[in-house]
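No value in this document is a laboratory result; all are computed from the given coordinates. From a predicted model like this one, the values you see are computed outputs, not experimental measurements. Glycine gets a Cβ as well: all are built from the backbone with ideal geometry, and neighbour counts include every protein chain shown.
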Amino acid sequence: SALVAKKKKKRRRRFMDELGFEVSEERASSERYKRLKESCARSDERWREYREKKCRGERCLIRTRALVSQVSKHGLDENDRPKCWYTWSGAAIERKKSKRTYEQICEDVERSENAVNGASRKQVALDLPRTFPDHDQFKDEGSEKWRQLRRILLGACLHTGFEYIQGMNFLAGFVLLAVKTEQEAFWVFVALLRS
């Protein structure tokens, strides 16, 4: 029972942000962080009001001067952010231009060791454990997010012809967390690489 009591004392409350990154208890309880969270809540409310009054459905997320003005003043609701990232980054255009689907690109990467050069494969393997090691979705070797990130990185190397360089894992990993679906994250990442 003394061991159980010690374990309970060691457990600390975890604070997470919207993308699942841990925030220290000190920061989470600071006045500045509380004001930031309140400001984000107000922005989300203004965005919802804008959506209800001015635009409905997916078409309203097409980038226009009025929408950019609204977003720059008040931000986007977190539910619409992935759709806007996908549309505004040029990912939808990249996907349409491609002669192959994301699934076909992944199959090519897995089918042939030579599809992506060995140096890129080796560096991706080295960088996967370094990608957000404290994040719950990335910390376990072989997790679903690891597999998704590996496919996105190697697929992007194959599709764009670029070699992998250190740091691409963090950009692709963040996009994967923000955009939510693997396929859309891939196309956003490709669009970012090409822009």
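A few remarks follow.
- For R35 and E144, the FRET efficiency from 1/(1 + (r/R0)^6), where r spans their Cβ atoms and R0 equals 35 Å, is about 0.50.
- Highest GNM mean-square fluctuation among A92, A172, A119, for the chain modelled with Cα contacts below 10 Å: A119.
- Per residue, the convex hull volume that the Cα atoms of the chain enclose (Å³): 167 Å³
- Whole-number percent relative contact order across the chain, with pairs defined as alpha carbons under 8 Å at least 6 apart: 22 percent
- Hydrodynamic radius of the stretch 103-195 per Kirkwood, over alpha carbon pairs, in Å: 13.0 Å
- Residue among V68, V175, V116 with the largest mean-square fluctuation in a Gaussian network model of the chain, springs linking Cα atoms under 10 Å: V68
- In terms of the mean number of neighbouring beta-carbon atoms within 10 Å, the peptides 176-182, 72-78, 28-34 order highest first as 176-182, 72-78, 28-34.
- Nonlocal amide H pairs with V23, under 5 Å, H built at 1.01 Å: F15, M16, D17
- Dipole in debye (nearest 20) - the chain, about Cα centre, beta carbon charges: Lys, Arg +1; Asp, Glu -1: 680 debye
- Charge dipole of the chain about the Cα centre (unit charges at C-beta), most positive-ward option of V71, V188, L153: V71
- The stretch 61-103 and the stretch 158-177 have their alpha-carbon centroids 19 Å apart.
- For the stretch 74-83, putting each phi into the Karplus relation 6.51 cos²θ - 1.76 cosθ + 1.60 with θ = phi - 60° gives couplings of 10, x, 10, 5, 4, 6, 8, 4, x, 5 Hz, in residue order, rounded to whole numbers and with x for Gly and Pro.
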